[in-house]
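Just below is one structure, and these are the notes that go with it.
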Amino acid sequence: MPIKNILIVDDSPTDLKHLSDILSKSGYNVSTAASAEEGIAKVKQSHPDLVLMDVVLPGHNGYQATRELSKDEATKHIPVILCTSKNQETDKVWGMRQGARDYVVKPVNGPDLLKKISALG
């Protein structure tokens, strides 16, 4: 299934703009959410083709949100890429155990992110 619609879940306006610019310029339709709870609600409502999820968020963290989405029958088919400043190997391993399909460390390298998205599509 080709990826067209991407939801970015991040509480940083700077990171939201940076990621939105990278994806929009590459032809993706982008929507955003500023918290894990808002992100989960938007995923359940609009069923994007991919979710880019920050880990450090107000309220629930990105690990919790990824786990919830990956265990829900209605959303488990939607891939999640964790996109975070947490760069330890243990962070990545834990994120993948929560159901993430990939893991990107900030600051995001645009071409690398686009390759990861293409590999999922």
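In the stretch 75-120, the residue that is surrounded by the fewest Cβ atoms within 10 Å (Cβ to Cβ) out of those that are of a type in the set (Ser, Thr, Tyr) and touching an Asp or Glu at 6+ places or on another chain (Cβ under 9 Å) is 85. Which residues, taken from the stretch 19-44, are touching a Gly at 6+ places or on another chain (Cβ under 9 Å), closer than 18 Å to residue 3 by Cα and either at pLDDT below 95 or of a type in the set (D, E, K, R) (or both)? 21, 25, listed by residue number.
Counting just the residues of the stretch 45-59 that are at negative phi and surrounded by fewer than 18 Cβ atoms within 10 Å (Cβ to Cβ), which one comes out modelled with the lowest pLDDT? Full working, then the answer.
Filtering the stretch 45-59 for residues at negative phi gives 45-46, 48-58.
Filter again for surrounded by fewer than 18 Cβ atoms within 10 Å (Cβ to Cβ), leaving 45-46, 56, 58.
On the way: 45: 97, 46: 97, 56: 96, 58: 93.
In this case the residue turns out to be 58.
Picking from residues in the stretch 40-96 that are in a helix (DSSP H, G or I) and among the acidic types (Asp, Glu), the one that is nearest to the chain's Cα centre (by Cα) is 68.
The values are calculated or read from the model by the stated rules, or taken from the named source; none is laboratory data. Since the structure is predicted, the reported quantities are computational estimates derived from the model, not experimental observations. When we count neighbours, we look across all protein chains shown, and the Cβ atoms used for this are built from the backbone with ideal geometry, even at glycine.
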